[in-house]
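All remarks here apply to the structure that follows.
The values are calculated or read from the model by the stated rules, or taken from the named source; none is laboratory data. Fair warning: this is a prediction, and the values are worked out from it, not measured in the lab. No Cβ is skipped: glycine too gets one built from the backbone with ideal geometry, and neighbour counts run over all protein chains shown. The area values use the complete protein model at the heavy-atom level, side chains included, leaving out ligands, DNA and RNA. Shrake-Rupley method; radii C 1.70, N 1.55, O 1.52, S 1.80 Å.
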Amino acid sequence: MTGRFANVIVDISHEKVDRPFQYRIPEALRGELAVGMAVMIPFGAGNKRIRGYVMEITDRNDYDEQKLKEVDSIVEDGICAQADSIRLAWWIRENYGSTMIAALKTVLPVKRKVKQIVKKTIVCKVDAAVAVRKAEEYEAKHQRAKARLMRGLAAQPVLPQPLVTGKLNVTVQTIQALEKAGLLEVQAQDTYRSALPENLSVSAQGAWQKKQLSENQAGIVDSIAADFKSGVRGTYLIHGVTGSGKTEVYMELIERIIAEGRQAVMLIPEIALTYQTLVRFYQRFGDRVSVMNSRLSAGERSDQYERAANGDIDIMIGPRSALFAPFGRLGLVIMDEEHEGSYKSESMPKYHAREVAGELCRMKGASLVLGSATPSIESYYRARQGEIKMFVLKERLAGGQLPKVYVEDLRSELRSGNRSIFSRRLHALIDDRLKKGEQSMLFINRRGYAGFVSCRSCGHVMKCPHCDVSLSEHTDRYRKVSRLVCHYCGYGMPGVTNCPECGSKYILGFRAGTQQIEELLNKEFPAARVLRMDADTTKSKDSYEQILSQFADGEADILVGTQMIVKGHDFARVTLVGILAADMSLHAGDYRAGERTFQLLTQAAGRAGRGVLAGEVVIQTYQPDHYAVVHAASQDYEGFYEEEISYRDLMAYPPAAHMMAVLVLSGDAQTGAVRARELVGQAKSEFGDARPVLIGPAEAFIGRISDVYRYVFYIKHRDYQVLTRIKDALEQMIHARQWNPDSVQFDFDPMNHY
């Protein structure tokens, strides 16, 4: 990698990683340095030689070149886990756009000054007979605390200090006095904070029994393991229907990888899934498992990184941040429910964990396994193109059948006089499950909550005539006037009071929430025990585990929730799933709406009938004929894919093409609009013969947040490298104009609209 200057991080074990130092690269080292290399550099007033890590090589000098010091030398043994992290940060910065500092903060654990946990024990330094005699002497002197402690040590020569100061009621001063007398010794040992839930060991009790894999499951494990042993490091997609036993395949693969002396990362999309996954893995692998997620304290997170770096654990489980566990011997990364949008970061840098995992595995010599009942269109497309190897599991592990699915047309319900949230069929089936003592789950699809406007009579949805996405309703709360806006091209029109298709006055946005459903259930079924799981009920650290444990233990009959309840959970007594407002996500205003709806409905339906009891699913919708609903009801992924990819190809959307969103932020509306137009002009000058499709600029979906104005434009092209080249040119312009680099954000193949 050529360049005249190197930006170097020094002593990155310290708390702050946001201060790079720039050095000149001497002629002898030009072309030799690479991002992530350890180097010796002069530092400080005395020019003391210290170790640093190259985080960027550039031809741009940020300071007076004559005042810059030179890199001294390359450290020959400088390859380390941190160097790998820096190289990965560089790759993220190049491929997704951001400052290098933002990329570094993503992959490197920021060391905070967290007090170390110290475990103290009290060790008796005399034999039991002497300890008893000393206890008798202290009793004679009425020094009862000293006597209690010496009798305790006579019975048990090593005692935890908390037990002594607590149960034995002995003060620290008393302990110090006996230590000074030479009768005991206080030993201190640094220890890790546990990131595991307190009740995990209780939930995981019982001897773990290895399950016999099916022929198809064993075939998948053997194939991937054989590739690994032969030196092949591939990317694999496991497309398995809900309940087909993908987790068993994952655990067997991890066991094989650990046997090879390597480590594994198990990614899950939601914190809500952590507990159930941990129980399974803890039963099999014990305390060689740890967890990483945003609900841990700073001390807990720091300790888990230390455990991973020191090789004290073999498996890290968690959402996308777990991907950056500093394993030195990484052999396998598994992404369960790989289709989930939560794997895409919505803050800079806006990376996707799937692509970053692929690069990390390439760097570390590891394999990547993607798993889902409803694979992302991107992964399935790559599998069909032969870029990754795909395995299919078509049958449920327990031999049970997929649930029977009913699609209820809410237009017909309305015409027949039923204005309830529950269709007649769903109401009857809930009542039936309560009588049988079986459990039900009700899922409210709230994606696109403030998005589309639809007619309750005919199902017509107000759409943009230019982009084939739904228009979003905006209401001026002062003038009480609504307007429908497209957040892709900026098209707008006045709000409507009558349906343009059938003339009905029942055209409006949908309004329903989990709390409203919970209240209605309590009214309609007063004897039912109802649990609610949403953002409001899961604010505390262990709230996910508490709600799920209650439901799993049969302490509730009905679980009501948002999409967090339909992802990966396995409850044997759930025989009914009701999906309310199934088509709400169809009109969220972006090109992925059909895919997300299909995935949500299929995943939700998969929660029913996972045990020996048969399951039923009720999908309530105003658009029963929409292809996403039709294919989800029949659990037909291939049929959905063929229809969806044809639309993506026609409209040049990912994965048939690639798209870059550029978001411009400014405290002043006019300045933001001008800068957006200037960036569009610069982008056009870089097009050359590439001729991408450019949409915008336009005001973003939410035009102002915290008094910051937002403008967006999109560029589409079938070659990803064309977009990164344009991104690089725009970054150079931003630097030349001395704009705040955080005022312009890049998002490649965005998961959500702006």
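Quick test of your reading of the structure: residue 345 fulfils all but one of (1) among the small types (Gly, Ala, Ser); (2) open to solvent by less than 10 Å² (accessible area, probe 1.4 Å); (3) modelled with pLDDT under 85. Name the failing condition by number.
Among (1) among the small types (Gly, Ala, Ser); (2) open to solvent by less than 10 Å² (accessible area, probe 1.4 Å); (3) modelled with pLDDT under 85, the lone unmet condition for residue 345 is (3).
So for the range 649-663 (the condition being farther than 21 Å from residue 591 by Cβ and either surrounded by 15 or more Cβ atoms within 10 Å (Cβ to Cβ) or in contact with a Ser or Thr (Cβ under 7 Å, 6 or more places away or on another chain) (or both)), does at least one residue qualify?
Checking the range 649-663: not a single residue is farther than 21 Å from residue 591 by Cβ and either surrounded by 15 or more Cβ atoms within 10 Å (Cβ to Cβ) or in contact with a Ser or Thr (Cβ under 7 Å, 6 or more places away or on another chain) (or both).
Confirm whether residue 438 is among the acidic types (Asp, Glu), buried (at least 19 other Cβ atoms within 10 Å of the Cβ) and at pLDDT 90 or above.
So residue 438 does not fit the description; no.
Name the single residue that is modelled with the highest pLDDT among those in the range 363-377 being buried (at least 20 other Cβ atoms within 10 Å of the Cβ) and in a helix (DSSP H, G or I).
Once the filter is applied, the top-ranked residue is 377.
For residue 606, are the conditions met, namely being out of contact with any helix residue (DSSP H, G or I) (no Cβ under 8 Å at 6 or more places or on another chain) and in contact (Cβ under 8 Å) with a residue 24 or more places away in the chain?
So residue 606 passes the test.
Kindly indicate whether residue 682 is assigned to a helix (DSSP H, G or I), of a type outside the set (Ser, Thr, Tyr), out of contact with any His (no Cβ under 6 Å at 6 or more places or on another chain) and in contact (Cβ under 8 Å) with a residue 12 or more places away in the chain.
Taking the combined requirement at face value, the residue satisfies it.
Would you point out the residue of the range 698-741, among those that are free of Cβ contacts under 8 Å to residues at least 40 places away in the same chain and in a strand (DSSP E or B), that is surrounded by the fewest Cβ atoms within 10 Å (Cβ to Cβ)?
705
Please determine whether any residue of the range 248-266 is hydroxyl-bearing (Ser, Thr, Tyr) and open to solvent by 20 Å² or more (accessible area, probe 1.4 Å).
No; the residues of the range 248-266 include none that is hydroxyl-bearing (Ser, Thr, Tyr) and open to solvent by 20 Å² or more (accessible area, probe 1.4 Å).
Out of curiosity, is residue 389 more than 28 Å from residue 507 (Cα to Cα), in contact (Cβ under 8 Å) with a residue 12 or more places away in the chain and open to solvent by 10 Å² or more (accessible area, probe 1.4 Å)?
For residue 389, the condition - more than 28 Å from residue 507 (Cα to Cα), in contact (Cβ under 8 Å) with a residue 12 or more places away in the chain and open to solvent by 10 Å² or more (accessible area, probe 1.4 Å) - is met.
Please list, ordered by first then second residue, the pairs with beta carbon atoms under 8 Å, 6 or more apart or interchain, first in the range 71-99 and over 17 Å from residue 352 (Cα atoms) and in a helix (DSSP H, G or I), second at pLDDT 85 or above and open to solvent by 30 Å² or more (accessible area, probe 1.4 Å).
Within 8 Å, the pairs are 81/328; 84/363; 84/364.
Confirm whether residue 672 is of a type outside the set (A, V, I, L, M) and assigned to a loop (DSSP other than H, G, I, E, B).
no
Of everything in the range 289-335, what is acidic (Asp, Glu) and either part of a loop (DSSP other than H, G, I, E, B) or open to solvent by 20 Å² or more (accessible area, probe 1.4 Å) (or both)? Give them in sequence order.
Answer for the range 289-335, where residues must be acidic (Asp, Glu) and either part of a loop (DSSP other than H, G, I, E, B) or open to solvent by 20 Å² or more (accessible area, probe 1.4 Å) (or both): 300, 306, 312, 314.
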